[in-house]
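Let me begin by presenting the structure, written as structure tokens, before commenting on it.
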Amino acid sequence: MSRSRLFRHSVQAMALGALLVTAGCAASISPSGAEVVVRRPPPRRVEVRGVAPGRGYVWIDGHYAWQGGDYVWVAGRWESPPAPRQHWVGGRWVHARGGWYWQEGHWG
């Protein structure tokens, strides 16, 4: 695992742990240490998309992110794909043995 990916997973795990403590949910680190497993995902927020700023823009749903020592809501946004023919694969909660873990969205 690359250094940046390991750092990102560590930050995500700390952030999700802090969010879950404040939300009263139980969490545990998976045996691989790659993700935080929670009993249930936090509730989704409903966002208003508005109009795309131009042709080809893709809506990226908002999500919780770790910033400044706490989880904050990052609002959804319109983005132009970084390269032709790329599409957005949205982040999602994945059910696993013992609970759920967050899988980040990415361009594919």
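All conditions in (1) at pLDDT 90 or above; (2) surrounded by fewer than 14 Cβ atoms within 10 Å (Cβ to Cβ); (3) under 17 Å from the mean Cα position of the chain (by Cα) hold for Gly62, with the sole exception of (2). The set of residues in the range 84-93 that are in contact (Cβ under 8 Å) with a residue 24 or more places away in the chain and open to solvent by less than 70 Å² (accessible area, probe 1.4 Å) comprises Trp88, Gly90, Gly91, Trp93. Candidates in the range 94-108 are the residues that are open to solvent by less than 60 Å² (accessible area, probe 1.4 Å) and not aliphatic (A, V, I, L, M); of these, the one that is nearest to the chain's Cα centre (by Cα) is Gly105.
Within the range 75-97, being of a type in the set (D, E, K, R) and part of a strand (DSSP E or B) holds for Arg77, Glu79, Arg92.
The values are calculated or read from the model by the stated rules, or taken from the named source; none is laboratory data. All of these numbers come straight from a predicted model, not from anything done at the bench. Heads up, the Cβs are rebuilt from the backbone with ideal geometry, glycines too, and the neighbour counts pull from every protein chain shown. The accessibility values were calculated without ligands, DNA or RNA, using every heavy atom of the protein model including side chains. Shrake-Rupley method; radii C 1.70, N 1.55, O 1.52, S 1.80 Å.
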